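The values are calculated or read from the model by the stated rules, or taken from the named source; none is laboratory data. Bear in mind that the values here come from a model prediction, so they are computed numbers and not experimental data. Every residue, glycine among them, receives a Cβ derived from its backbone with ideal geometry; neighbour counts consider all protein chains shown.
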Amino acid sequence: MQQFLDKELLRKQEFAGVWDNELDDVFADVAAYYERVNIIASLGFLNQWLRSFVSTIDTSPNQKVLDVCAGTNVVGRALLSKEPSLDVQAMDKSAAMQEVGQRLAKEQGFTIKSEIGDVHRLPFPDNHFDIVTLQWASRHLQIVDVFSEINRVLKPGGYFYHCDMLRPKKKFVAELYYTYLSISVPIVAFLFRSGPAALGCREYFIDAIRMFYSSDELSELLATIGYTDISKKDILGGMIGLHKACKAE
């Protein structure tokens, strides 16, 4: 565990100013066009990746689901399309993102509970949820704390499903990845006329991946925290990773 705690300390020292003082403004700035900008930045593959992620999530009627860093409720809405009886709770730090997410859910006829707050300290009881999901956000978090909190609120035998942009293990894949991001992020920001908050964090979004984890490292971290039955799927040479892990019974 110490190697992960040391890395988390380095990440916090490097990015605490952005996490604490800038990201809220960034997501407030981009909330209205967040989904469109991600579709363009992913060259149209975003919805395919969402389907891949949701396909890994095993659901049963009336299960309790927590979507951490829910953003615009993309995952919650997809899960309710798959199983309408789910009891879905969203949590996010950005009120602006959740405002958009709540509107989109209502337009589809879905009810998703919403909680605004810091996901490092989840305001839910122990052993409460059957499923917890987390997509496209871990690189902005202290993930030892968040993954531990998710383990706490999961029921024994419940599953955690994770999807994010990761640091590719192979150096040449990583360099191609960073080069693409360094080109695409400014272009997308220009196309959508992003505000100063989003423009100011362009380099951060690349640096956050450089200092993040590979797919294998993330599996090791989940095991170290105490998850079992861990499986993963890598996309685009590890640029994106899908992980599934069970809370021990």
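Is there a residue being farther than 30 Å from residue 31 by Cβ and without any contact (Cβ under 8 Å) to a residue 60 or more places away in the chain anywhere in region 150-173?
yes
List the helices (runs of 4 or more DSSP H) inside region 135-242, counting only whole elements, that have at least 2 residues being of a type outside the set (Asp, Glu) and more than 25 Å from residue 76 (Cα to Cα).
Ranges flagged: 171-191, 196-200, 202-210, 215-225.
Among the candidates 27, 4, 53, single out the residue that is in contact with a Cys (Cβ under 6 Å, 6 or more places away or on another chain) and under 30 Å from residue 125 (Cα atoms).
53
Here are the criteria: (1) touching a helix residue (DSSP H, G or I) at 6+ places or on another chain (Cβ under 8 Å); (2) surrounded by fewer than 20 Cβ atoms within 10 Å (Cβ to Cβ); (3) at pLDDT 95 or above. Tell me which single one residue 178 does not satisfy.
(3)
I need the full set of residues from region 12-59 which are among the aromatic types (Phe, Trp, Tyr) and more than 15 Å from the chain's Cα centre (by Cα), in order please.
Listed by number, the residues that qualify are 15, 33, 45.
Could you tell me which residue of region 92-131 is surrounded by the fewest Cβ atoms within 10 Å (Cβ to Cβ), considering only residues that are among the small types (Gly, Ala, Ser) and more than 23 Å from residue 82 (Cα to Cα)?
Applying the filter and picking the extreme gives 117.
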